[in-house]
Amino acid sequence: MGAGRDHPAGVALLPLPVSRPQGAGRRRAFSWRPALLTATLLVLSTAAAAQTESPGQTLKRVEQDLQTDKALQRQLDRQSQTLQKELDELRDRLVGLADQERAQEDELAHLEESLTALETQERNQAEKLEGERQQIAALLAALQRVARIPPEAALARPDGPVDTLRSALLLRDTVPALRARADALAQALTRLAETRETLQAQRSRTYAARLTLIDRQKEIGQLVARREELSRQTEEERQQVAQRTARLTGQAADLRQLMDRIEAERRAAAAMAAKREAERLEAERREAERRLAEQRAAEQRLAEQKLAEQKLAEQKAAEQRTAEQKLADQRASEQRTKAEAETARAAPSPPAGERLPVGGRVTVRYGEADRYGATSRGVTIQARAGSTVVSPQAGTIVFAGPFRGYGQILIVEHSHGYHSLIAGFGRIDTAVGRRVATGEPIGLMPADGSPDLYFELRRHGQPINPQRGFGAPEGKGQG
């Protein structure tokens, strides 16, 4: 059913069956192929007789087609309610998946920090063991050289007995120290092996967390595509029925104008005959008026007297009504004042919330100098590539798309005068006029690097601190 396709007069535009994804047993499936076939056969029969029927019959047929379209509109309304319920459930699932993705991102960031710390610890231990190994190797080489000297050669050395004794004592003290350093080296090697095992396990957990995060992002992408398909399907069907109803309404108007013109000509002919009859009767009427002139004069005087009495009574009644109206206005004013006071006491407080559009590290806070040296009127968040961006609060999309040098931006209008401005998207997954719930995915960050997202919160046109949430006081926010 493409929009803009012409249909013959008298055909009720009926939608074809809507395909549903498997596993959605509780959703309704609509199929109107029998109704479409019946309407097609009806137009073929009425089109053949359209040349011989009168304008009144044609008008009646068109009005019947309009009634058929109204019945179809009611069916579409019921279908729209079913689709809206599915959209609401889909939004709830998207909000839950976005929260799960945020938790997965936080866990992955924690695992990556732990992995970096373990890698640093492994390098430090390896460097320290390498230094110990070189020192022990040098000492062992010296002992091997001394061990290769025979005793008789040692006695023949030119050194004195005192020097020989000192060397012997030095070698006796070196052997236990060497053994202790060897034991410490063995323990350090054991700790290094344990650290490497822990590092390997941490890498496995990090890899598993990344795979889980990718699965979450794929599922969110599929649900977003399903949401867009449902919204587009409902809107296309409504546009087709509206176009069909507009064409039938115009045709009915043209037929009514034709019938009105025929009726006007008939009335004009009758008016000419009536005029001639009136001229004949005019003479008789004048004669009758002359005879009744005196009687009318007497009746006029009596009527004037009664009119004067009636005006006096009306004046008194008007004065009484004015007094009653003033009293009623005074009571109504008091009731309105009381109702306004009760309404003011019962007025809801502004919504509160501190949800940021994306998870990550805040690099520039409200009131700080940004990278250009200007005072920031929002916050800048360094997010993970491809992260899901969600709506910080429920509202309506009023702008979506590129804007000057800011790239892809989104403006969401919330209740109580709040507006959110979000910039830095890689992709926007919503459109102007859409209603979004708190935490509902609205787009993705760029897929490479460490992208930045800028979030600015305004109330009544004035920027406020986004990290204080939607409960911040009116006027300019404080840093």
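Only the coordinates and a few stated rules stand behind these numbers; no lab work does. Note that this is a predicted model, so its numbers are computed, not measured. Cβ placement follows ideal geometry from the backbone for every residue including glycine, while neighbour counts extend to all protein chains displayed.
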Please give the Cα centre distance for the range 362-433 versus the range 182-246, rounded to the nearest Å. 23 Å
Amide H proximity to residue 443 below 5 Å, modelled H, separation 5+ or other chain, gives 389, 429
Nearest 20 debye, what's the magnitude of the dipole of the range 54-118 about its Cα centre given +1 on Lys and Arg Cβ and -1 on Asp and Glu Cβ? 1000 debye
Using 7 Å Cα-to-Cβ label points, what is the residue 287/residue 374 separation (nm, one decimal)? 9.9 nm
Could you let me know the centre-to-centre spacing of the range 78-127 and the range 289-328, using Cα atoms, in angstrom? 87 Å
For the pair residue 57/residue 194, report the inter-label distance in nm, with labels modelled 7 Å from Cα in the Cβ direction. 10.2 nm
Highest first, please rank the peptides 193-205, 259-271 by the mean number of other Cβ atoms sitting within 10 Å of their residues. 193-205, 259-271
Sorting check: for 115-123, 374-382, 314-322, which peptide has the highest mean count of neighbouring beta carbons within 10 Å, and how do the rest follow? 374-382, 115-123, 314-322
Cα-based equivalent ellipsoid, the range 193-234: semi-axes from gyration tensor eigenvalues, Å: 41, 4, 4
Please give every one of the aspartates and glutamates within straight-line cross-link reach of residue 311, meaning a C-alpha to C-alpha distance under 17 Å, and leave out same-chain neighbours fewer than 8 residues apart. 319
Given 0.36 nm per residue, what is the gain on full extension from residue 125 to residue 246 after removing their alpha carbon distance, in nm? 35.4 nm
Which loop trypsin sites (Lys or Arg not before Pro) in the range 378-456, with loop taken from DSSP, have no more than 12 other Cβ atoms within 10 angstrom of their Cβ? 404
Along its three principal axes, how long is the range 240-344 when you only count alpha carbons? Whole Å, largest extent first please. 73, 67, 7
For residue 355 and residue 222, FRET efficiency with R0 = 30 Å and r from the beta-carbon atoms, rounded to 0.05? 0.80
Under 18 Å between alpha carbons, and skipping anything fewer than 8 positions from residue 60 in its own chain: which aspartates and glutamates qualify? 69, 254, 260, 263
